[in-house]
Amino acid sequence: MRNKPAPRSRITTIIMAVVTALTLTACGDAATGGEKPEDYPSKDMDWTIAFGPGGGNDIMARKLIDLLNKQKLYPGDIRVENREGGSGATGWGYLFSHRGDPYGISTTSGSFITTPLQASTGWTYDDFVPVGLLATDNALFVVNSTSGITSWQQWVQHAKTKGKVAVGGIGTVNIDFILHALLARQAGYQIDYVPFNDEGQLQTSLLSGALDAAMSNPAEIAGQVRAGKMNGLMFTGGKPLASLPDIPTGESLGYRDLPSMPRGLILAPDAPKYAQDWWIATMKKVVRSPEWKQYLTVNQLTEDLRWGQDFHTYLKQTAGELETVLREHGAIK
């Protein structure tokens, strides 16, 4: 008995699947240039920083690159470029466009998870090849010292009296926004959140009086607090900052489950497994170094090591939690 011809729709589906597979293979071959796994890495690395100079993402990326160079772990050059814009969408969109390329890499932040929830980026965290989570970054809540506000209780009273306060952070619906929203809701005041792509602009706006308060990472803002230009009212980490021990933690003030910034490393979508394996093995060497341990201490980061699939699982869980918070606060629908 002869087989019946397959329906046209089914044939079309099969053809499209084959074409897609061939296209992806061709793209992968073009990106690697026919490179053998044992020869990797043999070219210069294109390292994207998805935010402007001076921010936590920029600081960590450049520290990692410095350690890779000092320890002579990467045989070629590492080209670094800040591709800021769109709360990280520009930089990670650039990396996304280099599908299959083992020589494209970037560091992550909270926006890596939240920006796709808010905007049609065409990509999510799930598209990229995870290398590893290296640390989490908590935040300082600061005000201009000229405001005369020196405690969290004074801030809450000021915010309630003003009716609505202008607060700033990095990214549109990033961790900074989520922290501001959670604190405002629990304390009972209203905010007008102003997003920035550049840490310098955020600090300038606060010091000029354009903002009432800001959320920033200790590595970026602690110097201003120590210099007396800003007053730190709260640290969102579980323990006080070693460098600023008098600033109360959110938990000590009654605020729990405050999210932190994930600091990790990703490769371009469909980057070959040999590239992922190489970077995981290499970064394990980096995070064992005394210089990296010192960097974590100086910048008040909490070490949290999760490699490959474990990092992906962390991103998936965190994305679900942050999406819930953003929907509850009306930031996304």
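Mind listing just one residue for me: the one in the stretch 123-149 that is over 26 Å from GLN294 (Cβ atoms) and of a type in the set (Ser, Thr, Tyr) and, of those, surrounded by the fewest Cβ atoms within 10 Å (Cβ to Cβ)? My answer is THR146.
Among residues that are farther than 30 Å from GLY250 by Cβ, touching a helix residue (DSSP H, G or I) at 6+ places or on another chain (Cβ under 6 Å) and of a type in the set (Gly, Ala, Ser), GLY104 is included. Going through (1) open to solvent by less than 20 Å² (accessible area, probe 1.4 Å); (2) within 25 Å of ASN82 (Cα to Cα); (3) part of a strand (DSSP E or B) one by one, VAL286 falls short only on (3). Residue check: PHE51 meets all listed conditions (1) outside any loop (DSSP other than H, G, I, E, B); (2) modelled with pLDDT under 95 but one, namely (1).
Inspection of the stretch 74-83 identifies no residue that is more than 28 Å from LYS293 (Cβ to Cβ) and either buried (at least 24 other Cβ atoms within 10 Å of the Cβ) or in contact with a His (Cβ under 7 Å, 6 or more places away or on another chain) (or both). Of the numbered conditions (1) out of contact with any helix residue (DSSP H, G or I) (no Cβ under 8 Å at 6 or more places or on another chain); (2) under 20 Å from ARG83 (Cβ atoms), LEU179 satisfies every one except a single condition; which is it? Checking LEU179 against (1) out of contact with any helix residue (DSSP H, G or I) (no Cβ under 8 Å at 6 or more places or on another chain); (2) under 20 Å from ARG83 (Cβ atoms), the one that fails is (2). Only residues that are under 15 Å from the mean Cα position of the chain (by Cα) and open to solvent by 30 Å² or more (accessible area, probe 1.4 Å) were counted in the stretch 90-117, giving 2. For LEU315, the conditions (1) outside any helix (DSSP H, G or I); (2) within 27 Å of ARG99 (Cα to Cα); (3) among the aliphatic types (A, V, I, L, M) are fulfilled apart from (1).
No other residue among VAL167, VAL173, VAL129 is without any contact (Cβ under 8 Å) to a residue 60 or more places away in the chain and among the aliphatic types (A, V, I, L, M) apart from VAL167. Please specify each residue of the stretch 247-264 satisfying the condition of being in contact with a Pro (Cβ under 8 Å, 6 or more places away or on another chain) and touching a residue at least 24 places away in the same chain (Cβ under 8 Å). Answer for the stretch 247-264, where residues must be in contact with a Pro (Cβ under 8 Å, 6 or more places away or on another chain) and touching a residue at least 24 places away in the same chain (Cβ under 8 Å): ILE247, PRO248, GLY264.
Residues in the stretch 223-271 that are within 30 Å of HIS312 (Cβ to Cβ) and open to solvent by 40 Å² or more (accessible area, probe 1.4 Å): 6 in all.
Among residues of the stretch 221-246 that are basic (Lys, Arg), those with a Cβ under 8 angstrom from a residue that is open to solvent by less than 40 Å² (accessible area, probe 1.4 Å) and in a loop (DSSP other than H, G, I, E, B), sequence gap 6+ or separate chain, pair up as ARG226/LEU244. Here ASN174 passes the criteria (1) at pLDDT 95 or above; (2) among the polar types (S, T, N, Q); (3) within 26 Å of the chain's Cα centre (by Cα) except the one numbered (1). Among residues belonging to the stretch 289-333 that are open to solvent by less than 60 Å² (accessible area, probe 1.4 Å) and of a type in the set (Ser, Thr, Tyr), point out the one that is modelled with the lowest pLDDT. Per the criteria, the residue is THR318.
The values are calculated or read from the model by the stated rules, or taken from the named source; none is laboratory data. Keep in mind that this is a model prediction, so the values were computed, not measured. Heads up, the Cβs are rebuilt from the backbone with ideal geometry, glycines too, and the neighbour counts pull from every protein chain shown. In case anyone asks, the SASA skips ligands and DNA or RNA and just uses the protein heavy atoms, side chains included. Shrake-Rupley method; radii C 1.70, N 1.55, O 1.52, S 1.80 Å.
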